[in-house]
Amino acid sequence: MKRLALAALFSAFSLSACAQPASPTQSGDAGAKPSASVKSDAVKLVAPVITAGTPEARVRDVLTKLNPGIRIDRLGPAPFPGFREVVASGQVVYVSDDGKYLFQGGLMDIAKRKDLSEDAMARVRADVLKTIPVSDRIVFAPVGKPKHTVVVLTDIECGYCRKFHSEIAEYNKRGIEVEYMAFPRAGLGSADYRKMVAVWCADDRRKAMTDAKGERTVPMRNCANPVNMQYAAGQRMGLTGTPMILTPDGEMLGGYLPPAALQQRLEKIDSDRAVVTGS
């Protein structure tokens, strides 16, 4: 898997375990078309500022030679000397300052027991999430002020996505606001994709989401919608499976978590942050 992921970094597309590249019309989906979205499909992040003659410039040039279409989201000093840390195409890699060596893999701070590669990826996820307006998400909110908020990249057909949604009332009861973003794992132009477009184009998106995940018919509609952009956002954020549960600041909580377990995770995050900030 690491070899495949690294190969994807050097190719024109991102590799994701559940994201299947698709042409606008796939076999078995005759007549399927991309959505009539007037929204940009691109996720626009501020490119890192790189000064000529620096290690960052050498690393950028080496990666660009390997893949002219590579999208570098972050490039800066690695947490250890002699290397730069690069986040590109939803992956974290480390490249030597002279541009001769590259490796990919999680980087662990043993003393702090902290995954530094995940920290780097979380910062990029936070930046990506800022490009997706809340108005483009489908929000299931608790009564009153939410205690916690999570962003969930979801799919209509995914079994654990359906299980998660079947318990949406319990998540809300525990004070958790759920903001759904679309990630049709069968790929753009697939039947799954068209169902997600129909959900986002429905007059009542919340009801349409519930109906679709309950295997009830949602009228097929097309409109200006954010499904393409959200799919691209999932790839930029290194999505490896649906559902993908994130905090608003990009920390990945994993896949499906029962309501009580998710509440506990969120409360621990709040507690840990309070200790760090002294609040």
Exercise. Region 85-159: which trypsin sites (Lys or Arg not before Pro) are DSSP loop and have at most 12 other beta-carbon atoms within 10 angstrom?
Worked result: Lys100, Lys112, Arg113, Lys130
Exercise. What does a probe at Asp249 reach in region 123-167, counting residues whose amide N is under 19 Å from the point 7 Å along Cα→Cβ?
Worked result: 123-132, 146-152
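Per 0.36 nm of contour for each residue apart, how much would the distance between Arg205 and Phe80 grow if the chain were fully extended, relative to their Cα-Cα spacing? Don't skip to the end; give the middle numbers.
Numbers: separation 125, 0.36 × 125 = 45.00 nm, distance 4.70 nm.
Contour length minus the Cα-Cα distance gives 40.3 nm.
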Exercise. Based on Cα positions only, what radius of gyration and what Dmax would you give for region 102-164, in angstroms?
Worked result: 16.3, 50
For this session: Using a 1.4 Å probe over the heavy atoms of the protein chains, calculate the carbon and sulfur portion of the accessible area of region 82-223 as a whole percent.
Result: 52
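Please work out the FRET efficiency for the pair Glu167 and Ser135, using the Cβ-Cβ distance as r and a Förster radius of 25 Å; give the result to the nearest 0.05. All intermediate terms of the calculation are to be shown ahead of the outcome.
Working: r = 25 Å, r/R0 = 1.00.
Once rounded, the FRET efficiency stands at 0.50.
Which entries in the list Lys44/Lys114; Lys130/Lys207; Lys65/Lys112; Lys114/Lys147 go over 32 Å, if you measure between the two C-alpha atoms of each? Working shown, then result.
Values: Lys44/Lys114 29 Å; Lys130/Lys207 26 Å; Lys65/Lys112 36 Å; Lys114/Lys147 26 Å.
The pairs that break the limit, which is 32 Å between Cα atoms, are Lys65/Lys112.
Sort Thr64, Thr154 from largest to smallest accessible area, using a 1.4 Å probe on the heavy atoms of the protein chains.
Sorted descending by solvent-accessible area, the residues read Thr64, Thr154.
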Problem set entry | In region 34-140, the chymotrypsin sites (Phe, Trp or Tyr not before Pro) that fall in loop regions by DSSP, at most 12 other Cβ within 10 Å | Tyr101
For this session: Could you work out how far apart the two model spin labels at Asp61 and Lys147 are, taking each label as a point 7 Å from the Cα in the direction of the beta carbon, and quote it in nm?
Result: 5.5
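Where does each of Ser190, Ser135, Ser271 land when they are ordered by accessible area, with a 1.4 Å probe and the largest first?
Working: Ser190 5, Ser135 90, Ser271 60 Å².
From most exposed to least exposed: Ser135, Ser271, Ser190.
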Exercise. What residues from region 175-212 fall in the zone where the backbone N is under 13 Å from a label point 7 Å along the Cα-to-C-beta line of Asp270?
Worked result: 175-177
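The values are calculated or read from the model by the stated rules, or taken from the named source; none is laboratory data. Values in this document were obtained by computation on a predicted structure and should not be read as measured data. Ideal geometry is used to build each Cβ from the backbone, glycine not excepted, and the neighbour counts take in all protein chains shown. Heavy atoms of the whole protein, side chains included, go into the accessibility calculation; ligands, DNA and RNA do not. Shrake-Rupley method; radii C 1.70, N 1.55, O 1.52, S 1.80 Å.
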